[in-house]
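Asker: Below you will find the structure I want to go over with you.
The values are calculated or read from the model by the stated rules, or taken from the named source; none is laboratory data. Everything quoted here is computed from the prediction, not taken from an experiment. All Cβ positions, even for glycine, are placed from backbone atoms using ideal geometry, and neighbour counts span all protein chains on display. Just so you know, the surface numbers come from the protein's heavy atoms only, side chains and all, with ligands and any DNA or RNA stripped out. Shrake-Rupley method; radii C 1.70, N 1.55, O 1.52, S 1.80 Å.
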Amino acid sequence: MKRLFIIIAVTMGALSVPTVSYAQLGGLVKAAKKKAKEAVGNIGDKAKDAVGAGNIAGEVVSAARGEAPWPMKEWPSYNGKEPREFLLNIVDISDEEVTALRDQLFARYKSNVPLVKSGNFQAEEENDRFVKFYSEIVMINNLNLGNTLYKNGELVFNPDSYYLITGRPGGGIGCVVFQRDGTNFRFSSFHGDGVYLDDEDLKTAKEAAQRMRKFQLLTKDIENVFTSVGEKCDDDFRHMYDYSGMYANAVEQACKANTPANIDRKPRPANGSLHASLKAQALAVAKAQDSDVVDVIITSNSWDVKMKGLVPSHRNVSGYYVTKDEHGLQCRRRLWTEDYQGNGQYGKLRAGGVGTESPFYIK
C-alpha cells in the first residue's frame, strides 16, 4: 500500500511540472510525423496520416508525463483489484490515499482534454476510462438509494428509504434503512418492520457507510473538473457526492439506533383450519430441518393442489416455522408439501419452499 502511495505522489509531481510544453510537443509531433513519412514514402492518404500523427503524439505525451494514473491504464489493477472490486473494498484504503488518487485522476483528465481536442487517441482512451470508473460509483450509489429522480435538472429526493444488503459467508439478509414519521433512520425489513441486526450484519452496515464516506472523498468537486475545461457534467456525476453523503448519514443513524427496542413485533399469525390435524407432522418435519424451531403455525384452510396437465403433481399447505432466540419468538414463512402417489393418494409430508416474506418477531 505504501509503495503505491509513493507512485501516486511521483506521478502527481510529473503532472504539476511538465517536462515538455504543449508548444514543444507540437514541434516533436511534427518532426516525428515527417520522419515517418520519409521512411514509408507516399503510400498513405490523409486519414492514415492523421492516425499515425495521433499515435506518435500519444507516445510523446506518455513519455513526457509518465505512466497513466490508475485506473486510466489499459489494464487497470490496484493491488490486484479491478475498478469495481476496488470500489467495493475501498474501506481498506486510507483517506489520504483516496484523496491522492482523486487529485491524480482529476489532474490527468483535465490535462488530457486539450490533447483529445487535437486528436490524441491515447488521451481520449484514458479519459474514457476515467468516465467509466466514475460511472461504476454512480451504479453502486444508485443501487443503494431509493426514490431519487430529477426534475428540471435538479435532484428531487424523497428521503424515507435506502436499500442495504448485508453479506456474510453464511448468506446475508436484505433490509432497508428506513425513516418513519420524521424520526431518525433505522433498519427495517423490506415491508417496513423494524429489525435488529446482529454483530456480523451490523459490521457490514458500518462498512457500507464507510464506503460512502470514501466515495465522498473520491467524488468531491468532480463537477468543477468538467466545467473548468468547458465540458458538461451530467446529473449522475454532479450528485455523486450528495448521494454518498445521504446514504452514509442514513446508515450511520440506523447503526446508532440498532437496539432490540427497534424490533417491531406483530400479532401471532392465526391458525388455519388444517393446523390442528397437521401440526404434529409439520413440527417434526420442521425440527428435522432446523433445530432452532420450537413451534409451527399452519395458516392454510385447505390444500393447494398443483397440477401437471390433468394429473396432480403435489399439494401444499403454508404457514410459519417459529424459532426462539434472545429477542423472543420469530416467524419465518414456509411451505409443507405432499407428493402425489396416484390413485388419489399422497405421500408423507415434507419440507417445501421458503416464502419471500421477511422474518418477523411476534408479541
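Asker: Residues being over 19 Å from TYR196 (Cβ atoms) and either of a type in the set (Lys, Arg) or open to solvent by 20 Å² or more (accessible area, probe 1.4 Å) (or both): count how many of those fall in segment 317-332.
Answerer: Looking only at that region, the number is 1.
Asker: Which pairs have Cβ atoms under 6 Å, sit 6 or more apart or on different chains, and link a residue in segment 343-363 that is under 22 Å from HIS327 (Cα atoms) to one that is outside any loop (DSSP other than H, G, I, E, B) and small (Gly, Ala, Ser)?
Answerer: These pairs meet every condition: TYR361/GLY328.
Asker: Ok, one more. Scan segment 216-236 for residues that are under 16 Å from the mean Cα position of the chain (by Cα) and of a type in the set (A, V, I, L, M, F, W, C) and jot them down.
Answerer: LEU218
Asker: Restricting attention to segment 232-263, which residues are more than 18 Å from LEU202 (Cα to Cα) and either touching an Asp or Glu at 6+ places or on another chain (Cβ under 6 Å) or among the small types (Gly, Ala, Ser) (or both)?
Answerer: CYS233, ARG238, SER244, GLY245
Asker: Another question about this same structure. I'd like the full set of residues that are basic (Lys, Arg) and in contact with a strand residue (DSSP E or B) (Cβ under 7 Å, 6 or more places away or on another chain), limited to segment 275-327.
Answerer: Answer for segment 275-327, where residues must be basic (Lys, Arg) and in contact with a strand residue (DSSP E or B) (Cβ under 7 Å, 6 or more places away or on another chain): LYS279, LYS287, LYS306, ARG315, LYS324.
Asker: For segment 298-331, how many residues are part of a strand (DSSP E or B), among the hydroxyl-bearing types (Ser, Thr, Tyr) and within 19 Å of PRO267 (Cα to Cα)?
Answerer: 4
Asker: Shifting gears a bit: Could you please give the count of residues in segment 336-363 that are open to solvent by 50 Å² or more (accessible area, probe 1.4 Å), in a strand (DSSP E or B) and touching an Asp or Glu at 6+ places or on another chain (Cβ under 9 Å)?
Answerer: Going through segment 336-363 one residue at a time, the tally reaches 2.
Asker: Out of segment 263-297, which residues are part of a helix (DSSP H, G or I), surrounded by fewer than 16 Cβ atoms within 10 Å (Cβ to Cβ) and not basic (Lys, Arg)?
Answerer: Hits for segment 263-297 are ALA276, SER277, ALA280, ALA284, ALA288, GLN289.
Asker: Quick one: count up the residues across segment 109-127 that are open to solvent by less than 30 Å² (accessible area, probe 1.4 Å) and closer than 16 Å to LYS220 by Cα.
Answerer: The total comes to 1.
Asker: Read through the list (1) modelled with pLDDT under 95; (2) surrounded by fewer than 17 Cβ atoms within 10 Å (Cβ to Cβ); (3) β-branched (Val, Ile, Thr), then give the number of the only condition that VAL131 fails.
Answerer: With respect to (1) modelled with pLDDT under 95; (2) surrounded by fewer than 17 Cβ atoms within 10 Å (Cβ to Cβ); (3) β-branched (Val, Ile, Thr), VAL131 is out only on (1).
Asker: Moving on. Inside segment 194-260, counting only helices (runs of 4 or more DSSP H) that do not spill past its ends, which hold 3 or more residues that are touching a residue at least 24 places away in the same chain (Cβ under 8 Å) and surrounded by fewer than 18 Cβ atoms within 10 Å (Cβ to Cβ)?
Answerer: Those helices (runs of 4 or more DSSP H) span 199-219, 240-256.
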